[in-house]
Amino acid sequence: MKNLITKFCYIFLFFHFSEQIIAQPSSYGISAGAHVSNIDIQPLDLTYDPFIFYSKPQNGYHIGVYRRIGLGLIYFQPQCWFTYLNQPLNISNRLDVDSIFQVSMDLSHLDFPVEFGLKIGPLTALYAPVFSIPIFDISQSSNWSNQFGVGLKIFRFQLNLRYQSPIDIRFSDNFFDNLETNYRAQASQLIFSVFMKI
C-alpha cells in the first residue's frame, strides 16, 4: 500500500510542476508506440559465473499522454506512459547445459519522459530524461534513463524513433537451480512512437 501511495505522489508532483511552467502556448495529446527491448547480463564476479543466459530482443508497447509547451524553435514536453515489457530468459547451468529452464521477467512500468526538442521545419531532434516506476514486479527498483531520438511532424501527428539507454534490473535476489545468482542485468530499448494532438 505504501508503495502504491508513493507512486501516486510521483505522478501528482510530475503534473503539478509541469503545470507551474505553463506560460507559453501549449497543446495536449495522446501517444502510442512499439518497443523492442534487449537485455544484457554480466557476472558481477568473473570467478563465479555458473549460468548461461539465452535471450532474444522482445516486443512491447506503450500508451500515454503528453503536454507540449512551445518555446519557438524549441519545445518542452512532459509525458506519462504505461509501458508493457516482458523479457523471458532461458537459463542453463554450465555444469549441465542440457538442463534449460525459463524465467519470465515482467519489466512493465510507468515512464515519465521529460522531453526537450529542437524543431527545424517538420523535423525534430529530441532528448528526454526518463523516470521509470515498476508496476507489477515490486522487487524491481525505480530507475532513471535517457532517450535520444528524431521525429517527423505530419499535420496533427508526429512520428518519433528513439533509443532508451539501459536501465538496471534487480537480478541478484533471485535463485536458480538452488544457487544464488551474482549478475547485473540491464535492458535497453528501441522505441517507435506516434503522437496525436487533440
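With 0.36 nm allotted per residue and the present C-alpha distance subtracted, the N182-V103 stretch has 26.9 nm of extension available. A simple rule links phi to the HN-Hα coupling: the Karplus curve 6.51 cos²θ - 1.76 cosθ + 1.60 with θ = phi - 60°, which for the range 152-165 gives 9, 9, 10, 6, 7, 10, 9, 9, 10, 10, 9, 10, 10, 5 Hz, with x for Gly and Pro. For S27 and N146, the FRET efficiency from 1/(1 + (r/R0)^6), where r spans their Cβ atoms and R0 equals 30 Å, is about 0.80. With kT/(6 pi eta Rh) evaluated at 10 °C and eta = 1.306 mPa s, and Rh the Kirkwood radius from Cα pairs, the range 40-109 diffuses with a coefficient of 101 µm²/s according to Stokes-Einstein. Does the range 77-198 come out rounded, prolate or oblate by the C-alpha gyration tensor, with a ≥ b ≥ c the root eigenvalues, rounded set by a/c under 1.5 and, if not, prolate when a/b is larger than b/c and oblate if not? It comes out prolate by the Cα gyration axes. Size estimate for the range 21-65 follows the Kirkwood approach: the inverse of mean 1/r over distinct Cα pairs works out to 15.0 Å.
Computed from the coordinates by the stated procedures, all read-outs in this text should not be read as laboratory data. Since the structure is predicted, the reported quantities are computational estimates derived from the model, not experimental observations. When we count neighbours, we look across all protein chains shown, and the Cβ atoms used for this are built from the backbone with ideal geometry, even at glycine.
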